[in-house]
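Report on the structure given below.
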Amino acid sequence: MQQRGAAGSRGCALFPLLGVLFFQGVYIVLSLEIHADAHVRGYVGEKIKLKCTFKSTSDVTDKLTIDWTYRPPSSSRTVSIFHYQSFQYPTTAGTFRDRISWVGNVYKGDASISISNPTIKDNGTFSCAVKNPPDVHHNIPMTELTVTERGFGTMLSSVALLSILVFVPSAVVVALLLVRMGRKAAGLKKRSRSGYKKSSIEVSDDTDQEEEEACMARLCIRCAECLDSDYEETY
C-alpha cells in the first residue's frame, strides 16, 4: 500500500519515445503524438514560426482543441497565448496581443502558429498541447525560442554573397578581355617588326574585335554600377 501510495503521489510520468503514458501506476498507450522543434532562433522584427504537428488515431472533429502556452525565462508562471477549437482565439492581453497568427491546418495535423514583430522580451519556452477526443493522452513538447538582433556579421554575410554574385562574373569578363588584348598587342608588335601589312579582311576582323571588346568593357561598367546600387540599398 505504501508503494502504491508513493506511485500515486508522484502523479504521472511521460515516456514519449515509447509512446506510453504512466499515470498512477497504470501504463496508457499514447493515441496522440505531438512533435515540435526543440529550439527556434529568430531575429527582432522578423516573423517567427513555431512549428507543431500531431498524429491522432481518431478523425479530427470540432471537439479538437489546441492550446499554446508561454513561460518566460527563469520563471514558473505559464500564460495562455493561443486557443483553437473550430475557430482561432489568439490572446487579447499581454505582450503577445495582436501578434499571434494561426498558420496551421488541423486536417493535415498541423498546429503551428507565428509571432509577428518579435522582440528579445519574447524569449522563453512555448508549449503546444492538442486534444482530439477520445484521444486526450499525449506528450507535451516544448520549444525554446531565442530572439536576437541581426548583427554586423549577418549583414556582412549578405554583402559578401552579393559581392560574389556580381564580382566573380565581372572578374571573369575582365580577365578574358585582358588576355585577348594582350594577345592582340603581341600580334601587332610582331607584325610591325616584320613590316607586315594587313589585308582588308584582317582590318575588318580587327574592327569587329574592337567593337566586341568595347561591348565587354561596357558590360563590366554596368556590373560595377549594379554593385554600387545594391550595396547602397543593403545599408
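What the table shows:
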| item | result |
| --- | --- |
| Selection from segment 39-54 of residues that are farther than 20 Å from residue 86 by Cβ and either at pLDDT 95 or above or outside the structural domain of residue 89 (by the TED database) (or both) | 39, 40, 41, 42, 43, 44, 46, 47, 48, 49, 50, 51 |
| Breaking point among (1) exposed (fewer than 15 other Cβ atoms within 10 Å of the Cβ); (2) closer than 22 Å to residue 148 by Cα; (3) hydrophobic (A, V, I, L, M, F, W, C), for residue 100 | (1) |
| Residue 101 being at pLDDT below 95 and either under 18 Å from the mean Cα position of the chain (by Cα) or on the phi > 0 side of the Ramachandran plot (or both) | no |
| Members of segment 56-84 found to be assigned to a strand (DSSP E or B), under 21 Å from residue 134 (Cβ atoms) and at pLDDT 95 or above, listed by number | 65, 66, 67, 83, 84 |
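The values are calculated or read from the model by the stated rules, or taken from the named source; none is laboratory data. Owing to the predicted nature of the structure, the values given are computational and were not obtained by experimental measurement. Backbone-built Cβ (ideal geometry, glycine too); neighbour counts: all protein chains shown.
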